[in-house]
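Chemist: A single structure is presented below for examination.
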Amino acid sequence: MVNRDGFEKRATAEPGDDATDLSEASSPTARMLAWSKNSAAYRLARRMMSERELADAITRKAKSKFEGITQAQLAALAANAVAFGRSMKALDDENYAQLRSASAARSGKSVRAVARKLAEKGIERAIIEEALAEMDELRAAVVYARKKAFGPFRRPDVDADDKRWGKEIASFARQGFGFELAKRVIEMDRDEAEEMLLRPI
């Protein structure tokens, strides 16, 4: 039997059951499951997502859409959405990690920063390590230097004194770049840095 809120419920309770047990044992209705697929399709058509991102988005939306929905139903809807995304070849954490890491490298992000971001998106450690194995962090550091006008890209009117050097090293460190890598980039000449940027990603 389905009540007016769209939930399935049993007509009578088993001995020892209480209202909470009945609620937690209920499964999503067909309408809920259909909604989770449609919502997943809509979200994945707009942008690439990781499995956790999609599951979290479906869970948040379902909480506001279906009054009184249980944790069991929320988990089932999230799992249904993820399974649908996989079946449509629109959800692939390995591909997601590869594309995100390549994009981050082009924008001057460090390996550490990219790894942290992918972990926040729910990507498994093994997938993250594989995606970052081919990342050219030296080139990424040069991109960052160009953005900040550091090292070989420093303006002619800026003094390259110890204070400036320390400021640039500290900025690299805040972005997750190691000391030796930052030092190497800062001490590059302009021609070497420009050549580095021409390397394929």
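FYI, it's all coordinate maths here, none of it is from the lab. Everything numeric here is computed off the predicted structure, so don't read it as measured data. Note that we place each Cβ from the backbone using ideal geometry, even for glycine, and neighbour counts take in every protein chain shown.
Chemist: Considering only residues that are in a helix (DSSP H, G or I) and either surrounded by fewer than 17 Cβ atoms within 10 Å (Cβ to Cβ) or out of contact with any helix residue (DSSP H, G or I) (no Cβ under 9 Å at 6 or more places or on another chain) (or both), which ones fall in region 114-124?
Modeler: Within region 114-124, ARG116, LYS117, ALA119, GLU120 meet the criteria.
Chemist: For region 85-105, which residues satisfy the criterion of being farther than 13 Å from MET49 by Cα and of a type outside the set (S, T, N, Q)?
Modeler: Selection gives MET88, ALA102, ALA104, ALA105.
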